[in-house]
Amino acid sequence: MSVDDATVRKITKLARIEIQDSKVAKMANELNGILNWIEMLNEVDVDGVEPMASAVAISLPTRDDEITDGYIQASVIKNAPKADSGFFVVPKSVE
Amino acid sequence: MTNLTELNLNQALSGLKAGNFTSTELTQSYLKSIEAQNTSLNAYLVVTADKALEMAKASDARRASGNVGALEGIPLGIKDLFCTKGVRTTAASKILGDFAPEYESTVTSQLWRDGAVMLGKLNLDEFAMGSSNETSAFGSVVNPWKRKSSKVPLTPGGSSGGSAAAVAAHMCLGATATDTGGSIRQPAAFTGTVGIKPTYGRCSRYGIVAFASSLDQAGPIARNVTDSAILLQSMMGHDPKDSTSLNVAVPDLVAAMAKGVKGMRIGIPKEYRVDGMPAEIEKLWQQGIAWLKDAGAEIVDISLPHTKYALPAYYIVAPAEASSNLARYDGMRFGARVEGVDLTDTYEKTRAQGFGEEVKRRILIGTYVLSAGYYDAYYLRAQKVRARILEDFTNAWGKCDAILTPTAPSAAFGLGEKSDDPIKMYLNDVFTVTANLAGLPAISIPAALDVDGLPLGLQIIGKAMDEETIYSVAAVMEQAANFSTRPA
């Protein structure tokens, strides 16, 4: 599996990171370097092994479905790049 | 009076208790030390002098009224990955802009609960992604240690390079740090300090800027093993705000230090030798083995056969989790925004200009390995290899109680020496990353100097939840090593 320029354009789009045309080939090269190194994992026998998603074997705790926090509108928008009348101001997202 | 910054944390606590000096005087000494050294070392991104003096004054008042916490009056540095209420928190990234959190991380709130004083926020690799501090958007930290033979500026390691440098240069009495693949232990090894990553779940992740959630764990960097134990005890504990926080009692680590290692079985994994590792590190490892044998431990050869697959597995799991975690930086609700022609363009420009090169590389790797058609081949396979690595350790615990290894495959290297080759940089974490994947506690302690006069560290890995054994072993090793050299 090898990353070409089109793949770099696709994943930069998926990740919402603009990339300059002049940098696409260099990024493809760097990603291939890392991915080729990772290919080493194909040597490992993983037949019948359960994938490990968590570092500790605990079941996730549950709690009662009740409101424990809130009425902090001013705090929530405090760090907004743009806010107005208690709302976040964002570029138009619905046509 | 001698310079108060010469006292370590434990001595400072005694001095404060005896009334030899106040927290205000101690804090002023540290602010002076920072002022004198920070321009050259770049360890602190923000110095909160006014807040520090205010907190010190409040601590002195508490002490006068007999209300004394476990860290009463102790000035600390905080890695700038911990949210601190009202104080700018950057994760060493431009994308957070002037973000000043409206809340406090659980770990730091516990330090303040116990009476500690905040000196400021410490530099790191951007979003803790790096092993040399060179990915910080605010310039590299410089290691206070220099080679005997040259004045070349060296890396303090990463990502907790600011924490390690500040502790080594006596710009604080101790510091918070975080470790996703070795980010506490490798900088500790490079700066002659003590760094521990506890068992995953011991320290709450609430309010710590997330990198790779199944691997991230907080811990202290300190001048010695006792100081490390005191700090970690304050940082640990159950927190309902972190669903992976362990609901278990906090052990008495200082008491564990007195237990000794008589009859303890110490495992030596044959796979922890890598090509090009300096002979000095092998020699140091043998020295560590001899120290423990002399103290009555039994040395056992063990095998951790999947060790060499740990780093490649990590470089799938960590970027995959990072690409998800860092999706929140979109310039809408907090942080910096770069306006584009429409919403998508705004997202893409904000993220292109806000993230540095290494962070982008990791987000793109993560996006790729999680994308349709590649998930099974990369991400699922890496999670299975991770299970194999944990299994290696589980098998080893049948034969031993703790494991001794070198912390890093080299001493501190020069800034710029490895920054053009990502994989070469990643290999720094070859001995530390296994503990993150398996969720195990591990400490690095300074053990000797190399021919250039630079510190080298040894690592002790313990069973899950068994920090006490780690501190028993670390105390014995610290006494035998008698490491007292300071950066020139």
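Odds and ends about this structure:
- Ordering of A:38-44, B:9-15, B:384-390, B:363-369 by packing [mean C-beta count within 10 Å, highest first]: B:363-369, B:384-390, B:9-15, A:38-44
- Residue among B:Thr344, B:Gly182, B:Ile221 farthest towards the positive dipole end of the protein assembly as shown, charges placed on Cβ: B:Ile221
- As a calculated quantity, the FRET efficiency between A:Ser2 and B:Arg333 at R0 = 30 Å, using C-beta atoms, amounts to about 0.20.
- Simple Cβ-charge dipole of region B:4-241, Lys/Arg +1 and Asp/Glu -1, about Cα centre, in debye nearest 20: 400 debye
- Per residue of B:208-217, other chain Cβ atoms within 10 Å of the residue Cβ number 1 on average.
- Packing, as the average of other Cβ atoms within 10 Å across residues, places the peptides B:345-357, B:30-42 in the order B:345-357, B:30-42, highest first.
- Region B:243-345: GluC sites (Glu not before Pro) in DSSP coil with no more than 13 other Cβ atoms inside 10 Å: B:Glu339
- A:Lys82 paired with A:Asn42, simple spin-label distance in nm, labels 7 Å along Cα-to-beta-carbon: 4.8 nm
- Peptides B:419-430, A:75-86, ordered by how many other C-beta atoms sit within 10 Å of their residues on average, highest first, read B:419-430, A:75-86.
- Each part reduced to its alpha carbon centroid, region B:291-336 and region B:86-130 end up 22 Å apart.
- Euclidean distance of C-alpha centroids, region B:432-470 and region B:240-272, integer Å: 12 Å
- Whole-Hz couplings from phi, Karplus 6.51/-1.76/1.60, listed for region B:218-233; x for Gly and Pro: 8, x, x, 10, 9, 7, 8, 5, 4, 4, 4, 5, 4, 5, 5, 4
- Part-to-part distance (alpha-carbon centres) for region A:63-95 and region B:3-21, which is given in Å: 46 Å
- Range of Cα positions in region B:368-484 per principal axis (Å), largest first: 55, 42, 17
- Approximate spin-label separation B:Lys308-B:Asn67, in nm, with each point projected 7 Å along Cα-to-Cβ: 6.0 nm
- Rounded if a/c under 1.5, otherwise prolate or oblate - region B:245-296, Cα gyration tensor axes: oblate
- Using the Cβ-Cβ distance between B:Lys259 and B:Asp342 with R0 set to 56 Å, the FRET efficiency works out to roughly 0.30.
- Distance in nm between pseudo-label sites at B:Glu391 and B:Lys85 (7 Å out along the Cβ direction from Cα): 4.8 nm
All of the numbers you see were taken from the coordinates with simple rules; none came from a lab. Keep in mind that this is a model prediction, so the values were computed, not measured. As a convention, Cβ positions derive from the backbone with ideal geometry for all residues, glycine included, and neighbour counts pool all protein chains shown.
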